[in-house]
Each structure stands twice: as C-alpha cells, then as structure tokens.
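First up is the structure itself, then whatever we jot down about it.
The values are calculated or read from the model by the stated rules, or taken from the named source; none is laboratory data. Nothing here was measured: the structure is a model prediction, and the numbers come from that model. Note that each Cβ is placed from the backbone with ideal geometry, even for glycine, and that neighbours are counted across all protein chains shown.
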Amino acid sequence: MNRRWVLAAFGALVVACGIGACAPDSRRTARPSIEPITIAAIQRAALSTLFLERERAQGLVFWDGPRAQAPTLSLVAPRGDGTDALPLLVPDLVALSLPVPATVVRLADLEAHFRTYPDGWPAWFARFPASGGLIELTAPDIAPDRPTEARLLVARTCGEHCHQVWRVRVRRDDTGTWRTHDVLALAMPKA
C-alpha cells in the first residue's frame, strides 16, 4: 500500500473526526444526568415494592462500599443487558424519606460485626429486627429514548446462603410519580 495514501486517509479521518463526523450518536449513547430527587423517587418505588409491600420490613439497612466487595452483587455474573455497568449508589436517606428506619453500613462495620458475633446473622437480625437483610442498590438508569422509565438492580444478603437480586423497572406516571412497573428475580450462581 502506498504510504502517502495511508497518511492522506489518516489525515482525512482526523479532520472528519475533528468536526464531529466520527463522534457516536449522542441520542443513543448519552445518558441524561438524573436529579438527586428523581434518584430518590426511583429508589423509593423499588424499595417500597420489594421490602415494604411484599415483606413488610420494619427497617432497611444499606450497603456502602464498592460493587466488587458488595456481598451479593459481587457474585452476579455479567448479564450483557447494561445493568452490569450500573454503579452502586448509597441512597440519600433523607431524600428517600421511607416510612421505616433506615441505616447505612460500611465494610468496616460489617467486618467488625462478624468478628464480634461469631453467629453473625442471628446477631444481625437481633440488631436490625424485621429488616430486609443487607440491601445493595445500583444507580438508576434512564435511557434517553425512554425518559419516563428507569431500571436499577436491588440486591440483598440475609444469611450465609441467602442472596437475592432483582432487576426493577420503574415508570413515571402522568402525575409525575415513579411506580414499580415490573420486578425480575435474577438467577444467582450455584455455590
């Protein structure tokens, strides 16, 4: 291949990309930034469905740590549906405004608990009675072409062999209220 032709083609590509011809279509790839109040409303809808309505939990305890160290989401195999890339997001407990007590636990707190109490989970539920276990939440994802629909992962661990993950879709209705549309339980790997 002629070296001048390769250099000319590369130069044309650089010029074209400089004016935006090579940029990805932002309508398909750009994710809108989500206001904190909207994040809280989406999380509230998902949590209310899973833990308050279904299980009648009397308190919720949230994980605050990296996804790679999260007790349940770290076990989930990549699904290829985009939810793998959703980062964990600790809820703003004030904005979340749940009707039950809520608290946040960090890795150091969890490690200290299990060092102090060898029986672990029974002591956990004595400390947090009627809670839903230890809950992990991802940031919600709103696709640019569906601004009234969001999805997120909600996971929990409630014992050594108790792990559950749900993909929750939430929709904003005509009144502006976010409500759970559907919940899909995801398969966990076999131990």
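Candidates are the residues of segment 125-136 that are closer than 14 Å to TRP166 by Cα and either in contact with a helix residue (DSSP H, G or I) (Cβ under 6 Å, 6 or more places away or on another chain) or of a type in the set (D, E, K, R) (or both); the one that is modelled with the highest pLDDT is GLU136.
When you look at THR177, is it in contact with a strand residue (DSSP E or B) (Cβ under 6 Å, 6 or more places away or on another chain) and polar (S, T, N, Q), yes or no? So THR177 does not fit the description; no.
Condition check ((1) touching a Lys or Arg at 6+ places or on another chain (Cβ under 6 Å); (2) touching a residue at least 24 places away in the same chain (Cβ under 8 Å); (3) not polar (S, T, N, Q)) across all residues:
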residue: VAL94; (1), (2), (3): no, no, yes
residue: SER131; (1), (2), (3): no, yes, no
residue: GLU136; (1), (2), (3): no, yes, yes
residue: ARG151; (1), (2), (3): yes, yes, yes
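Scoring GLN164 on the criteria (1) surrounded by fewer than 18 Cβ atoms within 10 Å (Cβ to Cβ); (2) farther than 30 Å from ASP119 by Cα leaves a single failure, condition (2). Within segment 57-114, restricting attention to residues that are part of a loop (DSSP other than H, G, I, E, B), of a type in the set (Gly, Ala, Ser) and surrounded by fewer than 13 Cβ atoms within 10 Å (Cβ to Cβ), the residue that is modelled with the highest pLDDT is SER97. Considering the conditions (1) crowded, with 19+ Cβ neighbours inside 10 Å; (2) more than 14 Å from THR49 (Cβ to Cβ); (3) in contact with a Phe, Trp or Tyr (Cβ under 7 Å, 6 or more places away or on another chain), VAL154 is excluded by exactly one of them, (2). A search for C-beta distances below 7 Å between a residue of segment 63-91 that is free of Cβ contacts under 8 Å to residues at least 12 places away in the same chain and any residue that is not in a helix (DSSP H, G or I), counting only pairs 6+ apart in sequence or on different chains, returns ASP84/PRO78.
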